[in-house]
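Right, one structure below, let's go through it.
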Amino acid sequence: MQPMYRLDDVSGYLGSDESDDSGDSAVVGTEQMPLGRLHAKMYISEHWSRLTEDRVIIGSANATGPAFSRNVEFLVEMRGHRKKFGIERFLDDLGELAIPYETGGGAEPDREEDVQRRLDDAVRAVAEARFRVKVQAIGAGPEEGYDLLIVTDEPVGIAAGYTATVSVLGFDSRTMPLTNGERFDGRCRGVSLTQITPLLVVTATDGERTSTSVVIAELDNAPDGRLDAIVAEQLDTPDKFLKFALLMLNFGDRALAGEVLRGGREDSGSRQSSGLLPGSLLDTVLQALATNPEALAELDAVVQAMGKRRKNDANPANEQSTFDWDAFNGFWAEVSAAQKDSGGEVTRYVADDHVGGLTDFQRASVDHVINRFYKDGARRFLVADETGLGKTRVARGVIARSIEHLQDDDTVGRIDVVYICANADLAQQNLVKLNVTGSPERRFANRLTLLPLYANGLDEPTEGGRKRINLVSFTPGTSFDLGNTEGTAIERAVLYQAMCEIYALDGWGRRTALRIFQGGVRSLERFRRVYVDNWAAPALADGIHEPILDKFDEKLAAVDEDGWSLDDEWSSLLDDIGRRTELSPELDERRWRFVGAPASGHGPGERRNS
């Protein structure tokens, strides 16, 4: 085991190289900051094989279980050769700043810590209950407020010796008691539109100590405009709104984002605004009218919510401002009208408006790829370069230039960009970088088998008359290496919906189909409620995308060399299971084999996997 070290507490004092007559270091114009107050952590990991890169992780997480399993922490990971990232390299660089740290070990567990751990476990067990928040309007309009109904679909589990409560975040005084083994049904009365939230505070206590956890419930029947109203409530000064508008209309422009956030920081004691509309915002609005009217439509919803808020506020905080709201409202009315009038005209996509800051060699790479694709007729192209030289930025440029080219191709109905990434987390991170439209024209699915959940939205019309642009991501491990398994519960729920639609199932036929696709979910009711009713059915309310359904139906009808098809096995399985409440081992095995799990034995049912 490697020896342990810690940093000398006084190593972080800041000073100059100059000394006074006493020989003491002079600290001029800076605060003395002992490194003992530094809260960052660094973890260095050496792999047993020198062929594998060593890892250095720097960030906020303590070396505890909660830090790496429950807490929200921020860390940066670096990987490299042992000469640069090994333990000895860092100890050599730290020099005398690192002093040996003697570990204890063998101490008796602290009783207080054990009691707190059990209490934390109790509150986590309560938080695992599936909470839902249902919104009910009190009157005809949002001004009269709403009631929030908090319910659980399953009994709440509370460990012996503890009591628990739940409250809506922001309403700590309105706690509602939970009962062990019973479903919860409570109500938080009289909340405003902006106070509606899916966040609940769960609290457990043993009579002396208390532990809390915030859970995200499912929010049902949320009123339209809730999020716009929440944003409008935060934009309580002209400067805040102007910054928000600049950032929203220039989504993805990091340089402008930095400029907006650095410049014009509002003084806490001042609410003054220098004029009607800064030139940078006016330019941005005019550009958005031509290239990104969808973003203007979204911003308009926020402006309308701000107007309602000011109208309902008897003493608006902004009245002391020199900002001319009447003049702004007149200007915005013209912008809104122009945005709506542009609906009949096709707004062109201009790549340069969305891709800026490329270096000369990155731009040259983009130009070469585009020429190979659309002049030379190449079907594929590999861009290979060293780490850090901007392959993602080149990909962003290629996407933007391709959209610009394809918008004039009458043979292309919509523009689909398919991004294949090693893992889902990296895909979500890079999708933001690759979104070159400046608007939410993208869909994400990490499994190809879940494409039916998103396919109907791929053809949705866009404002401004432009072709639909879709950015779809898949991961190879879950999309192209399907293996020989029963799949995930949500995948089976999609298959269930497809079979119900193709065979027009109802009544006992639907229940039998549920039995077939239940897989390893512990109860039929849970599979129906959680995966079918809450996931697949709402997403497929308009039916499965017709081309997908037609291809699936074609595969069901395909006959093998023995004259047997999946359609035959499905009909046989429906009849044999029927209204049975218990399945024989043979029927249970046929059910699993039909869905795709490994089979043993013989018979026509094992010839195909779905």
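The values are calculated or read from the model by the stated rules, or taken from the named source; none is laboratory data. It should be emphasised that the depicted structure is a prediction, and the values quoted were computed from it without experimental measurement. Here the Cβ is made from the backbone with ideal geometry for all residues, glycine too, and neighbour counts use every protein chain on show. Remember, those area values only see protein heavy atoms, side chains included, never the ligands or the DNA or RNA. Shrake-Rupley method; radii C 1.70, N 1.55, O 1.52, S 1.80 Å.
Here segment 327-437 has 49 percent of its accessible surface on carbon and sulfur atoms, given a 1.4 Å probe and all protein chains in place. Anisotropy class assigned to segment 103-187 is prolate, per the alpha carbon gyration tensor with a/c at or over the 1.5 cut-off and a/b larger than b/c.
Please work out the FRET efficiency for the pair GLU73 and ARG468, using the Cβ-Cβ distance as r and a Förster radius of 60 Å; give the result to the nearest 0.05. With a Förster radius of 60 Å, E is 0.95. The residues packed around THR512, meaning those with a beta-carbon under 12 Å from its beta-carbon, carry a net charge of +3 if Lys and Arg are +1 and Asp and Glu are -1.
When the Cα gyration tensor is reduced to axis lengths a ≥ b ≥ c, the ratio a/c is 1.5 or higher for segment 54-101, and with a/b not above b/c it is classed as oblate.
The simple Förster model, with R0 at 45 Å and r as the Cβ-Cβ distance, assigns ASN180 and LEU426 a FRET efficiency of 0.60. For the pair segment 505-555 and segment 152-226, the centres of their Cα atoms are 31 angstrom apart. Accessible surface area normalised per residue over segment 67-185 is 66 Å², counting heavy atoms of protein chains with a 1.4 Å rolling probe. Applying 1/(1 + (r/R0)^6) with r as the Cβ-Cβ distance of ASP147 and LEU199 and R0 = 25 angstrom yields a FRET efficiency of 0.90. Protection proxy ranking for 584-594, 411-421, 91-101, using the average of other Cβ atoms within 10 Å per residue and placing the highest first: 584-594, 411-421, 91-101. What shape does segment 523-583 have by the C-alpha gyration tensor, where a ≥ b ≥ c are the square roots of the eigenvalues, rounded means a/c under 1.5, and otherwise prolate means a/b greater than b/c and oblate the rest? Taking the square roots of the gyration eigenvalues as a ≥ b ≥ c, segment 523-583 is oblate. Taking amide hydrogens as placed 1.01 Å from N in the peptide plane, the amide H of PHE131 sits under 5 Å from those of GLU218, each at least 5 positions away in sequence or on another chain. Our summary of shape: the Cα atoms of segment 158-247 have principal axis extents of 54, 28, 21 Å, ordered from largest down, in whole angstrom.
In segment 79-222, Rg over Rh equals 1.26, where Rg is the alpha-carbon radius of gyration and Rh the Kirkwood radius from pairwise Cα distances.
Spin-label model, GLU108/ARG579: points 7 Å from Cα along the beta carbon direction are separated by 6.7 nm.
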